[in-house]
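Asker: One structure follows; several queries about it will come next.
All of the numbers you see were taken from the coordinates with simple rules; none came from a lab. Source: prediction; values computed, not measured. Virtual Cβ from ideal backbone geometry, glycine too; neighbours counted across all protein chains shown.
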Amino acid sequence: MGNMLCNIWNIVSATSCVTIVSLSLVSPVAAADLAVDRTLASQCAQCHGTDGNSVGDIDGLAGESFNELYRELLEMKRDDDQDLMHLQAKGYTNDQLARIAEYFSSLPKGDDD
Ligand code: HEC
């Protein structure tokens with residue numbers, strides 16, 4: 001029993017244990033970034049279509065210029081309107097809106113837009 005407690009203490013305090021924890025924090029940043037951008041933008045797919053290519057009356061977003069998208073989103077975030085689209089924009093930080101604009105502008109424009 002005394003031995004077992006001693007072993008547990010050794011595991012907790014050993015430097016190798018600290019090394020394992022810090023290694024697990026290292027992740028491929030680029031891959032994570034793309035996944036984050038896509039996840040942020042996935043909310044928009046409900047209305048603006050999969051991959052930003054709308055099949056209904058609402059405008060598609062794919063292939064629009066980054067500047068245009070980012071400017072529109074920032075405007076919708078800043079003003080006091082509370083309609084559907086303005087509330088969407090208010091839910092994100094400026095950095096997140098930039099990433100969403102970047103994501104849609106990088107996608108190929110569909111035939112319907
Ligand atoms: C619940 C439905 C809905 C969701 C979700 C939604 N939108 Fe919209 N969006 C609209 C409607 C409706 C309009 C205004 C009508 C139009 O432009 O066709 C609009 C307009 C826009 C416009 C201006 C028009 C254009 O083509 O440039 C942009 C930019 C836009 N949305 C981006 C986004 C982004 C980015 C997201 C995700 C963060 C998003 N929308 C999520 C419904 C939605």
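Asker: Can you tell me how region 47-113 classifies by the Cα gyration tensor, rounded, prolate or oblate, using a/c under 1.5 as the rounded cut?
Answerer: Numbers: a/c = 2.32, a/b = 1.43, b/c = 1.62.
Note, shape of region 47-113 comes out oblate.
Asker: If packing is taken as the average number of other Cβ atoms within 10 Å across a peptide's residues, how do 103-109, 78-84, 33-39, 45-51 rank, most packed first? Kindly include the intermediate steps, with their values, before the conclusion.
Answerer: Values: 103-109: 17.4, 78-84: 9.4, 33-39: 12.6, 45-51: 15.7.
Put in order of decreasing packing, that is 103-109, 45-51, 33-39, 78-84.
Asker: Shifting gears a bit: Would you work out the charge dipole size for region 41-113 about its Cα centre, treating the Cβ of every Lys and Arg as +1 and the Cβ of every Asp and Glu as -1, and quote it to the nearest 20 debye?
Answerer: Details: 6 positive and 16 negative charges, 72 e Å.
The calculation lands at about 340 debye.
Asker: Let me ask you something else. Towards the positive end of the charge dipole of region 41-113, with charges on Cβ (+1 Lys, Arg; -1 Asp, Glu), say which of GLY91, CYS47, SER106 has the farthest Cα.
Answerer: GLY91
Asker: Run the simple label-point estimate for MET85 and ASN67 please: 7 Å along Cα→C-beta, distance reported in nm.
Answerer: Rounded to a tenth, the inter-label distance reads 2.0 nm.
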